[in-house]
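K.L.:
First the structure, then my questions, so here it is.
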Amino acid sequence: MKIENPVALRFLLQDELYLLNTDKLLYTEDAIAPHIAEQPAASIIQVAPTVKEPEPVSIVPAPEVKTPPLTFNYLGKNLKNFVVLVNYPALEFIDDAHLTALTNIIKRKELAIDDLAIVNLAHHSTAKYDELLTFFKPTKLLILGKAALPQDIAPLVLNVPKPLGALTALQSFSFGEMMDSVDNKKAFWEQVKGF
């Protein structure tokens, strides 16, 4: 094909042409007009398309990030998969007077402290319900006070046992609320004795 004006190339070739920076000056309107005058009319301009080869892409696998296994600090040995959640920000586990009261209550159910796992959620505030289930595998979950509710647990009604999958959960008063109220102690015991 014979082309007299290189500007006409853009009308004939619909595809995009990529020029090197040094060649771009040759195809501007100002540079083309004097250039055309110098060449005879019978000349053919051929533009070879430049093909850029793709650069090789190296795929580097993302490094494996191993999260440390979740651990909880708890009192007892969890022999019966019975988890008791409490909230005592100033203590490691539970107040001594409250532990004595809890020990007396579980003795009536023929349980010992080693049968339980007493977890102070004040020191595990970011722990989610599923993480507790994975770690302890409880069949019974006793929650003492609103502050001891784990994140993402299904709504519970005070002193009403509720089955949650493979376990039964009971939310009751904290020992601080029970020590001063005979009614709260009675309501707690009525639910715990059958729990």
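The values are calculated or read from the model by the stated rules, or taken from the named source; none is laboratory data. Just so it is clear, the structure is predicted and the values come from calculations on it, not from any experiment. Virtual Cβ from ideal backbone geometry, glycine too; neighbours counted across all protein chains shown.
K.L.:
Mind listing whichever residues of segment 174-192 are without any contact (Cβ under 8 Å) to a residue 12 or more places away in the chain and among the hydroxyl-bearing types (Ser, Thr, Tyr)?
P.N.:
Listed by number, the list holds a single entry, Ser181.
K.L.:
Within 16 Å of Gln171 (Cα to Cα), more than 20 Å from the chain's Cα centre (by Cα) and either in contact (Cβ under 8 Å) with a residue 40 or more places away in the chain or not assigned by TED's automatic domain parsing to the domain that holds Phe82 (or both), is that true of Val160?
P.N.:
Details: within 16 Å of Gln171 (Cα to Cα): yes; more than 20 Å from the chain's Cα centre (by Cα): yes; either in contact (Cβ under 8 Å) with a residue 40 or more places away in the chain or not assigned by TED's automatic domain parsing to the domain that holds Phe82 (or both): no.
For Val160, the condition - within 16 Å of Gln171 (Cα to Cα), more than 20 Å from the chain's Cα centre (by Cα) and either in contact (Cβ under 8 Å) with a residue 40 or more places away in the chain or not assigned by TED's automatic domain parsing to the domain that holds Phe82 (or both) - is not met.
K.L.:
In segment 70-88, what residues are in a loop (DSSP other than H, G, I, E, B) and either under 28 Å from the mean Cα position of the chain (by Cα) or closer than 21 Å to Met179 by Cα (or both)?
P.N.:
If we filter segment 70-88 for residues that are in a loop (DSSP other than H, G, I, E, B), which is where we start, we get 70-73, 76-81, 87-88.
Leu70, Thr71, Phe72, Asn73, Asn78, Asn81, Asn87, Tyr88 - these are the residues of segment 70-88 that are in a loop (DSSP other than H, G, I, E, B) and either under 28 Å from the mean Cα position of the chain (by Cα) or closer than 21 Å to Met179 by Cα (or both).
K.L.:
What about Val160, is it of a type in the set (A, V, I, L, M), closer than 19 Å to Phe136 by Cβ and touching a helix residue (DSSP H, G or I) at 6+ places or on another chain (Cβ under 8 Å)?
P.N.:
On the way: of a type in the set (A, V, I, L, M): yes; closer than 19 Å to Phe136 by Cβ: no; touching a helix residue (DSSP H, G or I) at 6+ places or on another chain (Cβ under 8 Å): yes.
Here the answer is no, as Val160 does not meet what is asked.
K.L.:
Count, please, the residues in segment 89-131 that happen to be part of a helix (DSSP H, G or I) and touching a helix residue (DSSP H, G or I) at 6+ places or on another chain (Cβ under 9 Å). Explain how you work it out, then say what you get.
P.N.:
Step one: filter segment 89-131 for residues part of a helix (DSSP H, G or I), giving 96-108, 113-115, 121-123, 129-131.
Now narrow it down to the ones that are touching a helix residue (DSSP H, G or I) at 6+ places or on another chain (Cβ under 9 Å): 97-99, 101-103, 105-106, 108, 113, 115, 121-122.
Residues meeting the conditions: 13.
K.L.:
Hey, another quick one. Quick one: count up the residues across segment 181-194 that are of a type in the set (Phe, Trp, Tyr) and surrounded by fewer than 16 Cβ atoms within 10 Å (Cβ to Cβ). Step through it out loud before you land on a result.
P.N.:
Within segment 181-194, the subset of a type in the set (Phe, Trp, Tyr) is 188-189.
The next check asks that each one be surrounded by fewer than 16 Cβ atoms within 10 Å (Cβ to Cβ); those that pass are 189.
Final tally of qualifying residues: 1.
K.L.:
Restricting the search to segment 133-153, which residues are part of a loop (DSSP other than H, G, I, E, B) and more than 24 Å from Met178 (Cα to Cα)? Before you say what the answer is, go through the steps one by one.
P.N.:
At the first step, the residues of segment 133-153 found to be part of a loop (DSSP other than H, G, I, E, B) are 137-139, 145, 149-150, 152-153.
Across segment 133-153, the qualifying residues are Lys137, Pro138, Thr139, Asp152.
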